[in-house]
Amino acid sequence: MRKNIVAGNWKMNKNLQEGLDLVKDLQTALFSKKVKCDVVVCTPFIHLGAVNGMIDKTKVKLGAQNCADKVSGAYTGEISAEMVASTGAKYVILGHSERRAYYGETNDMLKEKVQLALANNLTPIFCIGEVLGEREAGQQNTVVKKQIEEGLFALSAEDFGKIVLAYEPVWAIGTGKTATSDQAQEMHAFIRQTVAAKYGQAVADATSILYGGSCNAANAKELFANPDVDGGLIGGASLKVDTFMPIVEAF
């Protein structure tokens with residue numbers, strides 16, 4: 001059985017005290033609930049150590065939003081996978097569309113990041129997805145398949161089994177647009193077929209694939225009801241407990 005996961009990506013939001021307050025309130029909200037998914041918070045780097053020290057790890061898992069494609073060295077401002085792991089984080093988001101678009105991250109760079117994350121016992125949440133022009137041109141499958149192949153298919157089947165995928169239609173992030181439930185299921189099924197063609201159906205069936213495009217309290221239940229949608233990578237709605245918890249409870 002693959003895991004259902006709801007992961008909050010805080011992006012560049014919340015100072016340290018605000019972040020600690022949010023985690024405290026989230027844990028209070030989760031305390032009396034029996035949720036049917038793993039809950040992950042992916043905080044800014046500076047929050048990781050402090051958040052790890054206060055979370056109940058049976059309720060909340062901790063993740064980072066990125067790591068470097070180098071082991072260590074003279075790379076001012078970078079944070080290595082080893083550093084992330086040393087904070088107690090268990091997950092790391094890699095290849096988010098914002099990193100690809102604003103910071104020029106390529107599939108080759110992401111291939112290195114994935115391998116370093118795995119070497120440090122981190123679970124990558126590997127993001128894939130097309131921009132609006134690619135969707136309108138009917139190129140979404142080609143784009144997504146290339147991202148998976150170039151970023152991940154050098155891995156052994158065993159290592160690929162440690163990956164979480166997150167499909168994010170870039171045209172639906174922060175725009176208020178959302179892929180329809182049918183569009184999400186169609187792409188998630190295609191992603192699973194792509195994995196199966198490389199690693200076999202058993203590996204594909206065990207891979208969690210999250211939806212990451214403006215998922216919110218209003219649409220989460222319908223999205224998560226799809227057989228190939230295993231949760232969400234949540235942006236803005238993860239910044240408040242009262243908008244994040246309904247998504248967690250959608251399972």
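With respect to Ala157, determine if the residue is closer than 13 Å to Met187 by Cα and either at pLDDT 95 or above or of a type in the set (S, T, N, Q) (or both).
no
Ala81 fails exactly one of the following numbered conditions: (1) under 30 Å from Asp228 (Cβ atoms); (2) in contact with a strand residue (DSSP E or B) (Cβ under 6 Å, 6 or more places away or on another chain). What is the number of that condition?
Here Ala81 clears every test but (2).
Tell me which residues, restricted to segment 15-60, are under 22 Å from Val84 (Cβ atoms) and aromatic (Phe, Trp, Tyr).
Across segment 15-60, the qualifying residue is only Phe45.
I'd like to know if segment 64-87 contains one or more residues that are in contact (Cβ under 8 Å) with a residue 60 or more places away in the chain and not in a helix (DSSP H, G or I).
Looking through segment 64-87, none of the residues is in contact (Cβ under 8 Å) with a residue 60 or more places away in the chain and not in a helix (DSSP H, G or I).
Between a first residue in segment 94-115 that is surrounded by fewer than 19 Cβ atoms within 10 Å (Cβ to Cβ) and a second residue that is of a type in the set (S, T, N, Q), which pairs have beta carbons less than 7 Å apart while being 6 or more apart in sequence or on different chains?
Within 7 Å, the pairs are Arg99/Asn66; Asn107/Gln147.
Among the residues of segment 116-154, which ones are among the charged types (D, E, K, R) and either in a helix (DSSP H, G or I) or surrounded by fewer than 16 Cβ atoms within 10 Å (Cβ to Cβ) (or both)?
Glu134, Arg135, Glu136, Lys145, Lys146, Glu149, Glu150 - these are the residues of segment 116-154 that are among the charged types (D, E, K, R) and either in a helix (DSSP H, G or I) or surrounded by fewer than 16 Cβ atoms within 10 Å (Cβ to Cβ) (or both).
Test Ala166 against the stated conditions and say whether it is closer than 21 Å to Gly95 by Cβ and buried (at least 23 other Cβ atoms within 10 Å of the Cβ).
yes
Conditions (1) in contact (Cβ under 8 Å) with a residue 40 or more places away in the chain; (2) under 14 Å from Leu239 (Cβ atoms); (3) of a type in the set (Ser, Thr, Tyr), marked per residue:
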site: Lys11; (1), (2), (3): yes, yes, no
site: Val23; (1), (2), (3): no, yes, no
site: Gln27; (1), (2), (3): no, no, no
site: Ser32; (1), (2), (3): no, no, yes
site: Leu48; (1), (2), (3): yes, no, no
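The values are calculated or read from the model by the stated rules, or taken from the named source; none is laboratory data. Being a predicted model, the structure only gives us computed values, none of them experimental. Using ideal geometry, Cβ is built from the backbone for each residue, glycine included, and neighbour counts are taken over all protein chains shown.
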